[in-house]
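Visitor: Before anything else, here's the structure in question.
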Amino acid sequence: MKIFLDTADIDEIRTAARWGVLDGVTTNPTLYAKVSGASYESILAEVCKITPGPVSAEVVAEDVEGMLREGRSFAKLAPNIVVKVPMSEEGLEAISRFAEEGIKTNCTLVFSSNQGLLAAKAGASLISPFVGRLDDINQDGMIVIRELAEMFAIHDIESEVLAASIRHPQHVTQAALAGAHIATLPFKVLQQMVHHPLTDKGIVQFRADWEKARATLASKKGD
Ligand code: E4P
């Protein structure tokens, strides 16, 4: 399963890239609002340079022509831009028009398997079911991931299932086991995946024992 970062924060993206675990990035207007101070386009251009894979840039227009205008402009920023389009009647039409133009899309705000199936049929490369937001309303978000992964495998559909709205490390494990092709994570969840209390305790213990052994050796040499 590929790992994307769900952020517009350049430092977080640089860090994950240095760790060698970054496959792509997803952004949205909310994530942009958290780091704003520069234009969305200039942030995206920077993110595209650092990121080895796809970078999702979300349109805010709700009409087809507006979505096409924003998406075409994002697509000119870098070859790894993927235009993020919300699931709606207009969104499906825009996805299908982008596909005809060779512009890749990520269909966002997907909450059911049928929505995901339609987005794939319209030509979206990435389908983003929102796991955490479904869990929030007491529905099992992981069911949508599992169903879409199965549907795409049975019917040989090329679109990839991108588990979005990930809230904790268990979501990542569950998404991988449910067959998600990609999970997009807040940086905090990526950090949580790195650490384990026994790993951190073990590192401290090994260092202490090493120092003890060196001190014993030095005192013997001094005898
Ligand atoms: C990513 O593509 C989505 O926009 C994002 O994961 C949504 O996450 P949230 O539900 O935590 O806002």
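Visitor: Is there any pair with a first residue in the range 165-177 that is within 17 Å of L134 (Cα to Cα) and within 12 Å of the ligand (Cβ to nearest atom) and a second that is aliphatic (A, V, I, L, M) and modelled with pLDDT under 95 whose Cβ atoms are under 8 Å apart and which are 6 or more apart or on different chains, and what are they?
Guide: Every condition considered, no pair remains.
Visitor: Scan D136, D140 and give me the residue that is loosely packed, with under 15 Cβ neighbours inside 10 Å, farther than 28 Å from A99 by Cα, within 13 Å of the ligand (Cβ to nearest atom) and more than 13 Å from the chain's Cα centre (by Cα).
Guide: D136
Visitor: Right, another one. Taking the residues in the range 76-94 that are of a type outside the set (G, A, S), touching a strand residue (DSSP E or B) at 6+ places or on another chain (Cβ under 9 Å) and assigned to a loop (DSSP other than H, G, I, E, B) as candidates, determine which candidate is most open to solvent (accessible area, probe 1.4 Å).
Guide: L77
Visitor: In the list I154, I137, I166, I203, which residue meets the criterion of being touching a helix residue (DSSP H, G or I) at 6+ places or on another chain (Cβ under 9 Å), at pLDDT 95 or above and among the β-branched types (V, I, T)?
Guide: Among I154, I137, I166, I203, only I166 is touching a helix residue (DSSP H, G or I) at 6+ places or on another chain (Cβ under 9 Å), at pLDDT 95 or above and among the β-branched types (V, I, T).
Visitor: Hey, another quick one. Could you list, in sequence order, all residues of the range 97-113 that are crowded, with 16+ Cβ neighbours inside 10 Å and assigned to a helix (DSSP H, G or I)?
Guide: R97, F98, S113
Visitor: Can R14 be described as out of contact with any helix residue (DSSP H, G or I) (no Cβ under 8 Å at 6 or more places or on another chain), of a type in the set (K, R) and not in a strand (DSSP E or B)?
Guide: So R14 does not fit the description; no.
Visitor: Output yes when any residue across the range 125-132 is part of a helix (DSSP H, G or I), open to solvent by 10 Å² or more (accessible area, probe 1.4 Å) and free of Cβ contacts under 8 Å to residues at least 40 places away in the same chain, and no when none is.
Guide: Within the range 125-132 (the criterion being part of a helix (DSSP H, G or I), open to solvent by 10 Å² or more (accessible area, probe 1.4 Å) and free of Cβ contacts under 8 Å to residues at least 40 places away in the same chain), the answer is no, since none of the residues qualifies.
Visitor: A follow-up question, please. Suppose we filter the range 20-41 for residues that are open to solvent by 50 Å² or more (accessible area, probe 1.4 Å) and closer than 12 Å to P52 by Cβ; how many remain?
Guide: So the count comes out to 3.
Visitor: Give me the pairs, please: first residue somewhere in the range 22-49 and within 17 Å of F4 (Cβ to Cβ), second residue anywhere and within 16 Å of the ligand (Cβ to nearest atom) and open to solvent by 60 Å² or more (accessible area, probe 1.4 Å), beta-carbon distance under 8 Å, and either six or more positions apart or on two chains.
Guide: Hits for this filter: D23/K2; G24/K2.
Visitor: Which residues, counting only those in the range 52-80, are within 15 Å of the ligand (Cβ to nearest atom) and closer than 16 Å to G123 by Cβ?
Guide: Within the range 52-80, P54, S56, V59 meet the criteria.
Visitor: Can you find even one residue in the range 26-49 that is assigned to a strand (DSSP E or B) and out of contact with any Cys (no Cβ under 8 Å at 6 or more places or on another chain)?
Guide: Yes: one or more hits.
The values are calculated or read from the model by the stated rules, or taken from the named source; none is laboratory data. All figures in this text were calculated on a predicted structure; none of them were measured in a lab. Please note: Cβ atoms are built from the backbone with ideal geometry, for glycine as well, and neighbour counts cover all protein chains shown. The protein model used for the area step is the full one, side chains on, heavy atoms only, and it has no ligands, DNA or RNA in it. Shrake-Rupley method; radii C 1.70, N 1.55, O 1.52, S 1.80 Å.
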